[in-house]
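Visitor: Below you will find the structure I want to go over with you.
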Amino acid sequence: MVASPGSAVRFGVLGTLAVSAGQQRLHPGGPRARAMLAALLLEANRTVPISRLVEAVWERVPPATAEHQIRKIAADLRSRIPHAQETLVTDGPGYRIVVDEDRLDLLRFDRALDEARRRVTVDGEAAALETALGLYRGRILPDSRSPVLAAAAAALEDRCLSARERLLELRLEQGRAHDAVGELIPLVAEHPLRESLCALLMVALYRTGRQADALRVYHDLRNLLAEQLGIDPGAAVNDRYQQILRGEPGLGTPHAARHGWSAGPSHPVPPPRSLPPDLPDLTGREAELQRLLEHLRPAPGGPADRRAARVVAVDGMAGGGKTALAVHAAHHVADGYPDGQVFLDLHGFSPHRGPVTPHDALGTLLRAVGVPADRVPDDPADREGLWRGATADRRLLLLLDNAASSDQVRPLLPAGPGCLVLVTSRPRLAGLDGAVTFPLPLLPTADALAFLGRVLGARRVAAEREAAAELVVLCGHLPLALRVAASRLADRPHWSLAHLVERLREEPLRLDELTVEHRGVRAALHPSYAALPPRHRELFRLLGVHPGPDFDRYAAAALTGLAPAAAEAILEDLLDARLLLQRVPGRYAFHRLVRALARETADRDPRLVHDARRRLLDHYLRAADEAAGLLGPRREALRPAERGHRPAATPPLRDAADALDWFGAERDNLLAVLARAGGTG
């Protein structure tokens, strides 16, 4: 049956899957088509990869033709749904349902929950929750067969139940205890192990004069928990039990608590406010701050337009000022997150400790949002589930600093679409689906000079303008290095900038000069090196032997004896770890301070350095000989520096043009290698 062309198609997932146009019900097709449509609607206005749709459609192992069948199902859905070309769109590696909240009950549900959070009165919040729950039509997607859809449906059921539970709390605050009892008795029968519901029923019965029945609810719960799980009721229910036994007057009257753990203590838990102090002024970074704030501020339409928390990941080199910028930006937007702002250092790259595990981080976060310590479960899955439930209906700002990887961050992401997560990390967190990545560049010269002027005084910097500019270069435009250098100069007013510049020109001593009280550039960079696998650490050290400005995979292979492809894979990992730079595809370089660390670590093994230098010289001699042969007759072949040594592979050069390009790219490296060879013999 096909609807008239002008009818707006509406969808429903808060019950059985429903599709209609006007007064007409539409049939999207068989079980697989319904499963695919449900998966798309649960992620409305977001692209769902085909691989995810395959998991949603097939209950067990999908057939080899699953992706092809997904495309056929999409075509069939488009033939059944009016205006499907605008509603069901192909987007890169997947599909997306494009709908506004008037056409999908789930979006209206989200909007109503968001409105409930914003209401400042009990009656206003209750009215918004009634609107949200009025959209619930019964068990959500009851014919879901795949584990993916079943899990999504269960999560949505839990959100509805939490909303209903909150509404019943408000019923008690409104003095409607009799109404609450009538709703709570069947609800507790349906969810007999949900302690928060039992606690609400106990309070409701107590307020209607049924103290004995309230105590019976507690004993029934305790017996059931002991029989099925071998545990006792939690602290919140025990508190209610003791209050009822004592006949506390305060429990018998409504109180308008607005925050706190559901069915927990009577006193509201204040929202967390753990952001570090804001910097009074962040010299430089104005452009980066504005771009970052554009990502942090909600788009028009608010949280109901999203199905998940907004995640923005700031990445960049150690000492690049990521944390300072993130904290500054977080303070700019903090007022938009009334349920709290939480800062958590994940210690992904800290000098004297390992990364915080997701399990421990979740414990900290749960306690921060008011979950009593004795209610934080030990099981990792339960802990993650409790965190998602606790944040589902909150507007929370979470600043996760110094993350090691996407795997460390992913379990910490809150469930609420009104939440904002700001992450800082050295590596790019490509594994965080849906996250906005924000690479932070080094400090521009003008901003670096302005920073020096603010710390040292504009006159002092202006008097030695050239030395100040060279100081910025020797510090590699790195904010941490500039801060240490400025601190040393501020503590030594008799030093000129030129004097410190002269000391920094000595590369073997540069990291020592950029250290204050055992803190500085070396301490910041070394954890990135220490976190590398052994083969990566070896190549990093050997790259410090290279005297030229940059290198390719063939030079890296020569240093280690690896195949070029294997060397390139490690180079790419070092690039991701922010230990290398890349300005031209295929060519890598060190930041000057990272190169100082690489050479420092390599120099601890003189024999390793000696052998690597000979292999590198062999490589460049052989490659230059092959390139020269393409340009004309050779007068004399260049000889390897080490007889009997078989040099590593050289770049494939096809003709004279390739040879000229190679010489152009490698000119500075050839001169540096030959100069080093002449100096060391």
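Visitor: Going by what's in this entry, would HIS610 be described as assigned to a helix (DSSP H, G or I), modelled with pLDDT of 90 or more, more than 21 Å from SER528 (Cα to Cα) and not assigned by TED's automatic domain parsing to the domain that holds SER406? Don't jump to the end; show me each part of the working.
Guide: On the way: assigned to a helix (DSSP H, G or I): yes; modelled with pLDDT of 90 or more: no; more than 21 Å from SER528 (Cα to Cα): yes; not assigned by TED's automatic domain parsing to the domain that holds SER406: yes.
Against the criterion (assigned to a helix (DSSP H, G or I), modelled with pLDDT of 90 or more, more than 21 Å from SER528 (Cα to Cα) and not assigned by TED's automatic domain parsing to the domain that holds SER406), HIS610 does not qualify.
Visitor: Tally time: how many residues in the range 310-339 are outside any helix (DSSP H, G or I) and either among the hydroxyl-bearing types (Ser, Thr, Tyr) or at pLDDT 90 or above (or both)?
Guide: Filtering the range 310-339 for residues outside any helix (DSSP H, G or I) gives 310-321, 337-339.
Next, only the ones that are either among the hydroxyl-bearing types (Ser, Thr, Tyr) or at pLDDT 90 or above (or both) stay: 310-321, 337.
Looking only at that region, the number is 13.
Visitor: Here are some residues: ALA490, ALA556. Which one is in contact with a helix residue (DSSP H, G or I) (Cβ under 7 Å, 6 or more places away or on another chain), in a helix (DSSP H, G or I) and modelled with pLDDT under 90? I'd like the intermediate steps shown before the answer.
Guide: Numbers: ALA556 fails: modelled with pLDDT under 90.
Result: ALA490 is the single residue among ALA490, ALA556 that is in contact with a helix residue (DSSP H, G or I) (Cβ under 7 Å, 6 or more places away or on another chain), in a helix (DSSP H, G or I) and modelled with pLDDT under 90.
Visitor: Where residues in the range 538-582 are touching a strand residue (DSSP E or B) at 6+ places or on another chain (Cβ under 7 Å) and free of Cβ contacts under 8 Å to residues at least 12 places away in the same chain, which of them is surrounded by the fewest Cβ atoms within 10 Å (Cβ to Cβ)?
Guide: GLN582
Visitor: For the range 434-450, indicate whether the set of residues that are modelled with pLDDT of 95 or more and acidic (Asp, Glu) is non-empty.
Guide: Checking the range 434-450: not a single residue is modelled with pLDDT of 95 or more and acidic (Asp, Glu).
Visitor: For GLY175, all conditions in the list (1) assigned to a loop (DSSP other than H, G, I, E, B); (2) modelled with pLDDT under 90; (3) on the phi < 0 side of the Ramachandran plot hold save one; what is the number of the exception?
Guide: For GLY175, the failing item is (3).
Visitor: Looking at the range 241-253, can you tell me whether even one residue there is over 25 Å from PHE343 (Cα atoms), modelled with pLDDT of 70 or more, in a loop (DSSP other than H, G, I, E, B) and not assigned by TED's automatic domain parsing to the domain that holds LEU482?
Guide: yes
Visitor: Among all residue pairs at least 6 apart or on different chains, which show Cβ distances below 6 Å where the first residue, located in the range 101-127, is outside the structural domain of ASP393 (by TED's automatic domain parsing) and the second is among the hydroxyl-bearing types (Ser, Thr, Tyr) and assigned to a helix (DSSP H, G or I)?
Guide: ALA112/THR131
Visitor: Still on this model: Quick one: which of LEU197, LEU135, LEU172, LEU193 is aliphatic (A, V, I, L, M), touching a residue at least 12 places away in the same chain (Cβ under 8 Å), surrounded by fewer than 22 Cβ atoms within 10 Å (Cβ to Cβ) and within 25 Å of GLN228 (Cα to Cα)? Write out each step before concluding.
Guide: Values: LEU197 fails: surrounded by fewer than 22 Cβ atoms within 10 Å (Cβ to Cβ); LEU135 fails: within 25 Å of GLN228 (Cα to Cα); LEU172 fails: within 25 Å of GLN228 (Cα to Cα).
Exactly one of LEU197, LEU135, LEU172, LEU193 is aliphatic (A, V, I, L, M), touching a residue at least 12 places away in the same chain (Cβ under 8 Å), surrounded by fewer than 22 Cβ atoms within 10 Å (Cβ to Cβ) and within 25 Å of GLN228 (Cα to Cα), namely LEU193.
Visitor: How many residues does the range 134-160 contain that are modelled with pLDDT under 90, part of a helix (DSSP H, G or I) and hydrophobic (A, V, I, L, M, F, W, C)?
Guide: So the answer is 9.
Visitor: Another question about this same structure. How many residues, within the range 507-550, are outside any helix (DSSP H, G or I), of a type outside the set (A, V, I, L, M, F, W, C) and under 30 Å from ALA490 (Cβ atoms)? Quick ask: steps written out before the conclusion?
Guide: Filtering the range 507-550 down to residues outside any helix (DSSP H, G or I) leaves 514-520, 531-533, 544-550.
Those left that are additionally of a type outside the set (A, V, I, L, M, F, W, C): 515, 517-520, 533, 544, 546-550.
With the extra rule that they be under 30 Å from ALA490 (Cβ atoms), the set shrinks to 515, 517-520.
Total satisfying the criteria: 5.
Here's the yes/no breakdown for (1) at pLDDT 90 or above; (2) in a strand (DSSP E or B); (3) assigned by TED's automatic domain parsing to the domain that holds LEU133; (4) out of contact with any Asp or Glu (no Cβ under 7 Å at 6 or more places or on another chain):
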site	(1), (2), (3), (4)
VAL2	no, no, yes, yes
LEU14	yes, no, yes, no
ARG32	yes, no, yes, yes
ALA35	yes, no, yes, yes
ARG60	no, no, yes, yes
LYS72	yes, no, yes, yes
GLU86	no, no, yes, yes
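Visitor: Does ALA33 satisfy the criteria of being surrounded by 15 or more Cβ atoms within 10 Å (Cβ to Cβ), within 26 Å of ASP105 (Cβ to Cβ), free of Cβ contacts under 8 Å to residues at least 40 places away in the same chain and not β-branched (Val, Ile, Thr)? Talk me through it step by step, then tell me what you get.
Guide: Working: surrounded by 15 or more Cβ atoms within 10 Å (Cβ to Cβ): yes; within 26 Å of ASP105 (Cβ to Cβ): yes; free of Cβ contacts under 8 Å to residues at least 40 places away in the same chain: no; not β-branched (Val, Ile, Thr): yes.
No, not satisfied.
Visitor: Could you identify the single residue in ASP393, ASP374 that is surrounded by fewer than 19 Cβ atoms within 10 Å (Cβ to Cβ), modelled with pLDDT under 90 and either part of a loop (DSSP other than H, G, I, E, B) or more than 21 Å from the chain's Cα centre (by Cα) (or both)? Talk me through it step by step, then tell me what you get.
Guide: On the way: ASP393 fails: surrounded by fewer than 19 Cβ atoms within 10 Å (Cβ to Cβ).
Answer to the check: ASP374.
Visitor: Which one of these does THR131 not meet: (1) closer than 26 Å to PRO338 by Cβ; (2) not in a helix (DSSP H, G or I)?
Guide: (2)
Visitor: Among the residues of the range 396-431, how many are part of a strand (DSSP E or B), touching a Gly at 6+ places or on another chain (Cβ under 6 Å) and not aliphatic (A, V, I, L, M)? Don't jump to the end; show me each part of the working.
Guide: Quick first cut of the range 396-431, residues part of a strand (DSSP E or B) only: 397-403, 420-425.
Right, trim to touching a Gly at 6+ places or on another chain (Cβ under 6 Å) and you get 402-403.
Applying the additional criterion that residues be not aliphatic (A, V, I, L, M) yields 402.
Within the range 396-431, residues that are part of a strand (DSSP E or B), touching a Gly at 6+ places or on another chain (Cβ under 6 Å) and not aliphatic (A, V, I, L, M) number 1.
Visitor: Next up: Restricting attention to the range 37-55, and to residues there that are in contact with a helix residue (DSSP H, G or I) (Cβ under 8 Å, 6 or more places away or on another chain) and assigned to a loop (DSSP other than H, G, I, E, B), which single residue is surrounded by the fewest Cβ atoms within 10 Å (Cβ to Cβ)?
Guide: Of everything passing the filter in the range 37-55, ASN45 is surrounded by the fewest Cβ atoms within 10 Å (Cβ to Cβ).
Visitor: Please go through (1) outside the structural domain of GLY389 (by TED's automatic domain parsing); (2) at pLDDT below 90 for ASP213 and return the number of the only condition it doesn't satisfy.
Guide: ASP213 satisfies all of (1) outside the structural domain of GLY389 (by TED's automatic domain parsing); (2) at pLDDT below 90 except (2).
Visitor: So is LEU275 at pLDDT 85 or above, outside the structural domain of VAL421 (by TED's automatic domain parsing), outside any loop (DSSP other than H, G, I, E, B) and among the hydrophobic types (A, V, I, L, M, F, W, C) or not?
Guide: no
Visitor: For residues in the range 396-433 being charged (D, E, K, R) and closer than 13 Å to ALA309 by Cα, which is modelled with the lowest pLDDT?
Guide: ASP433
Visitor: Output the residue which, of all residues in the range 451-487 that are part of a helix (DSSP H, G or I) and among the charged types (D, E, K, R), is modelled with the lowest pLDDT.
Guide: So the first thing to find is which residues in the range 451-487 are part of a helix (DSSP H, G or I), and the list is 451-456, 458-463, 465-474, 479-487.
Going one step further and asking which of them are among the charged types (D, E, K, R), we end up with 454, 459-460, 465-466, 470, 483.
On the way: ARG454: 86, ARG459: 92, ARG460: 92, ARG465: 94, GLU466: 95, GLU470: 96, ARG483: 90.
The residue in question is ARG454.
Visitor: Given ARG510, ARG535, ARG522, which one is crowded, with 22+ Cβ neighbours inside 10 Å and either under 19 Å from LEU442 (Cβ atoms) or basic (Lys, Arg) (or both)? Outline the logic, then answer.
Guide: Working: ARG535 fails: crowded, with 22+ Cβ neighbours inside 10 Å; ARG522 fails: crowded, with 22+ Cβ neighbours inside 10 Å.
Step by step, each of ARG510, ARG535, ARG522 is checked, and only ARG510 is crowded, with 22+ Cβ neighbours inside 10 Å and either under 19 Å from LEU442 (Cβ atoms) or basic (Lys, Arg) (or both).
Visitor: Give all pairs with beta carbons closer than 9 Å in which a residue from the range 510-524 that is under 10 Å from ARG483 (Cα atoms) meets a residue that is crowded, with 21+ Cβ neighbours inside 10 Å and among the aromatic types (Phe, Trp, Tyr); count only pairs at least 6 apart in sequence or on separate chains.
Guide: Short answer, once both residue conditions are applied: none.
Visitor: Identify all residues within the range 481-492 that are surrounded by fewer than 24 Cβ atoms within 10 Å (Cβ to Cβ) and of a type in the set (A, V, I, L, M); write none if there are none.
Guide: Correct list: VAL484, ALA486, LEU489, ALA490.
The values are calculated or read from the model by the stated rules, or taken from the named source; none is laboratory data. The structure presented is a predicted model; accordingly, all values stated were derived computationally and were not measured. Here Cβ is always computed from backbone atoms with ideal geometry, including for glycine, and neighbour counts include all displayed protein chains.
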